[in-house]
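Here is the structure we will look at, set down as structure tokens.
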Amino acid sequence: MSAVDVPFRLDRARNATAQVFEHLRAQIVGLALKPGAVLARPALCAYFQLSQSPIREALLRLEEERLVDIYPQHRTRVRPIDLAAARQAHFFRLSVELEIVWVLAREPRPDLGTQLLELVARQRGCLEAGDLEQFTRIDMDFHKRMYEASELPDLWALTRRCSGNLDRLRRLHLPLNGKAQSILQQHGQIARCVALGDAAGAQRAVRNHLSGTLQALDVLRARFPDMMLPADYPPA
């Protein structure tokens with residue numbers, strides 16, 4: 001676990017497996033644990049100060065999300081970014097969020113628009129401070145707020161479960177070529193359309209916002225070839 005220098009404190013009131021899973025997933029999606037990093041169970045047990053059982057269960061959940069490969073009786077390692085999984089997650093998320101903003105913006109929602117613009121302002125502060133990790137967390141809060149406003153919290157959880165590989169691509173893209181600034185502009189446009197009740201405009205803004213990373217896929221593959229799943233990689 002030496003690849004991650006992040007403190008961990010177990011909350012005894014919560015399920016241990018869930019906490020291990022969330023912690024490791026955050027490090028993988030945030031690229032602190034890069035593709036190929038080995039997750040040795042004895043080291044993980046020592047790091048989390050837990051027995052093998054919750055560690056094993058957390059790793060199995062990560063494997064289900066195509067974020068790690070488990071080689072029984074051998075090792076577990078972080079899986080390279082699976083572009084097929086990322087494309088499917090993008091299609092699913094785009095389909096869902098186009099419908100969400102259509103529903104939200106069928107009539108003016110100035111209250112919701114204000115809440116979303118407040119999140120954009122917080123994101124802007126993070127970008128000015130160079131804090132891309134907090135920028136990304138607030139990015140998630142922006143989209144989560146729209147799911148909540150649509151009374152679809154379970155659908156948000158489902159979207160998150162299938163988006164690990166897409167989120168890793170987005171994290172690679174974030175520092176490049178003004179991507180973070182474009183996110184601020186696109187979030188602002190979505191918020192304003194929701195506030196004004198401009199459903200068609202909100203859909204255009206969402207489509208533009210969610211398509212940017214896959215449109216830059218050739219650039220990302222050329223710049224980060226070691227991060228991507230090669231064609232001859234063993235199937236999951």
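The values are calculated or read from the model by the stated rules, or taken from the named source; none is laboratory data. Keep in mind that this is a model prediction, so the values were computed, not measured. Don't worry about glycine lacking a Cβ; one is built from the backbone with ideal geometry, like all the others, and counts go over all protein chains shown.
If only residues of the stretch 44-79 that are among the basic types (Lys, Arg) and assigned to a loop (DSSP other than H, G, I, E, B) are counted, the one that is nearest to residue 166 (Cα to Cα) is 66.
Of everything in the stretch 139-171 that's among the aliphatic types (A, V, I, L, M) and surrounded by fewer than 20 Cβ atoms within 10 Å (Cβ to Cβ), which residue is farthest from residue 218 (Cα to Cα)? The qualifying residue farthest from residue 218 (Cα to Cα) is 149.
Candidates 177, 165: the one that is of a type in the set (S, T, N, Q) and modelled with pLDDT under 95 is 177.
Of the residues making up the stretch 172-184, those that are over 18 Å from residue 30 (Cβ atoms) and surrounded by 15 or more Cβ atoms within 10 Å (Cβ to Cβ) number 1.
State which residue is farthest from residue 82 (Cα to Cα) when the search covers only the stretch 9-43 and only residues that are outside any helix (DSSP H, G or I) and among the basic types (Lys, Arg). Can you show your working first?
Of the stretch 9-43, the ones outside any helix (DSSP H, G or I) are 9-15, 30-40.
The next check asks that each one be among the basic types (Lys, Arg); those that pass are 9, 12, 14, 34.
On the way: 9: 31, 12: 34, 14: 31, 34: 13 Å.
Across the stretch 9-43, the extreme among qualifying residues is 12.
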